[in-house]
Amino acid sequence: MSSILVTGGTGALGRHIVSLLREEGHDVRVLSRRPGAGTHIGDLRTGEGVAEAVAGVDAVVHAASDFRKFGGPDIEQTRNLLAAATGVGHLLYVSIVGIDRIPFRYYRNKLTCEQLITESGVPHTILRATQFHELIAAMLQGVERLPIAPLPLDFRFQPVAAVDVAARAAELIQGPPLGRAPDFGGPEVLTMAELADAWRAVRSRPRRIVRLPLPGRVARAFRAGYNTCPDHTDGVQRWAQYAATAEGNAYF
Ligand SMILES: NC(=O)c1ccc[n+]([C@@H]2O[C@H](COP(=O)([O-])OP(=O)(O)OC[C@H]3O[C@@H](n4cnc5c(N)ncnc54)[C@H](OP(=O)(O)O)[C@@H]3O)[C@@H](O)[C@H]2O)c1
């Protein structure tokens, strides 16, 4: 049994990592800013409580992120975590497929976090995954009450169940540090039009959709599918299966 800290262990991905590692008998700590939500209260942005949460653990899974600010605070958060984690045997960072090819602000910040980890001297594994089913669902739920939902119908995604990524992350953190792990993708590449159709077939919403024409390099990259990794169709659960069973919203 190992002692493992999961940052972001209350999030859409992290909660599955926590459950899986606990099922395997590990002593799992969960850092959260919210009292009662994890085992340790702390804030990666200020560094408060981080050293206490890391003290004595064998490994850290870093799955915390502040998307609301395009991940800007993630850089300081990762710095603070690394400063506290100099003695750990293995740190796993969850990243995103294609962040070096898509000039999206959140992705640029994640790339900086990857670089900080690579240069830190902490034995590590960086696992890049494609977009989660939960994220695509949240995007569709965000527009489903509109009379006409505008969506970038020609964007490509390779959505993957967060629980499938969690299983891979849990497997990797129990093994040796790999540096960069192979990318991890969902079972199929689909356009947003196909994703929306499968979602509507089950939920009957959004009632009407219209193509949102997005200009610029970021949109071009998503249309080209730079965020996909068709050579790695690792995830088991397909989007249509997820759509048929999804309850609630993992994000808001
Ligand atoms: N979503 C996707 O499609 C996707 C795809 C590939 C990779 N990823 C990556 O996977 C990771 C997890 O994503 P997710 O979608 O599961 O995220 P999420 O559901 O938004 O969860 C974010 C987590 O970060 C924690 N957090 C944020 N700011 C914090 C701070 N200052 N101090 C401590 N904890 C903080 C939150 O904890 P509390 O609120 O409890 O404090 C929460 O547990 C991220 O690195 C993301 O970039 C996501």
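The values are calculated or read from the model by the stated rules, or taken from the named source; none is laboratory data. This is a predicted model, so every value here is computed, not measured. With ideal geometry, Cβ positions are generated from the backbone for all residues, glycine too; neighbour counts draw on all protein chains shown.
Answer with yes or no whether Gly49 is more than 21 Å from the chain's Cα centre (by Cα), within 11 Å of the ligand (Cβ to nearest atom) and surrounded by fewer than 23 Cβ atoms within 10 Å (Cβ to Cβ). Yes; evaluated as a whole, the condition is true for this residue. Please tell me if Pro150 is in a loop (DSSP other than H, G, I, E, B) and either over 23 Å from Gln237 (Cα atoms) or within 14 Å of the ligand (Cβ to nearest atom) (or both). No, not satisfied.
Among the conditions (1) in a helix (DSSP H, G or I); (2) within 12 Å of the ligand (Cβ to nearest atom); (3) over 26 Å from Gly248 (Cβ atoms), the only one that Ile126 does not satisfy is (1).
Taking the criterion of being part of a loop (DSSP other than H, G, I, E, B) and touching a strand residue (DSSP E or B) at 6+ places or on another chain (Cβ under 6 Å), the only residue of the range 96-115 that qualifies is Val97.
Residues in the range 68-77 that are within 10 Å of the ligand (Cβ to nearest atom) and out of contact with any Phe, Trp or Tyr (no Cβ under 8 Å at 6 or more places or on another chain): Arg68, Lys69, Pro73, Asp74, Glu76, Gln77. Count, please, the residues in the range 165-188 that happen to be part of a loop (DSSP other than H, G, I, E, B) and either touching a strand residue (DSSP E or B) at 6+ places or on another chain (Cβ under 6 Å) or at pLDDT below 95 (or both). Here the count works out to 6.
Within the range 237-248, the only residue that satisfies the criterion of being assigned to a loop (DSSP other than H, G, I, E, B), touching a residue at least 40 places away in the same chain (Cβ under 8 Å) and out of contact with any Gly (no Cβ under 9 Å at 6 or more places or on another chain) is Ala246.
With respect to Arg211, determine if the residue is touching an Asp or Glu at 6+ places or on another chain (Cβ under 9 Å), charged (D, E, K, R) and more than 30 Å from Leu21 (Cα to Cα). So Arg211 passes the test. When the range 80-92 is filtered for residues that are more than 10 Å from the ligand (Cβ to nearest atom), crowded, with 16+ Cβ neighbours inside 10 Å and either within 26 Å of Arg105 (Cα to Cα) or not small (Gly, Ala, Ser) (or both), the ones remaining, listed by number, are Leu82, Val88, His90, Leu91, Leu92. Filtering the range 66-91 down to residues that are within 18 Å of the chain's Cα centre (by Cα) and β-branched (Val, Ile, Thr), which residue is nearest to Leu178 (Cα to Cα)? In this case the residue turns out to be Thr78.
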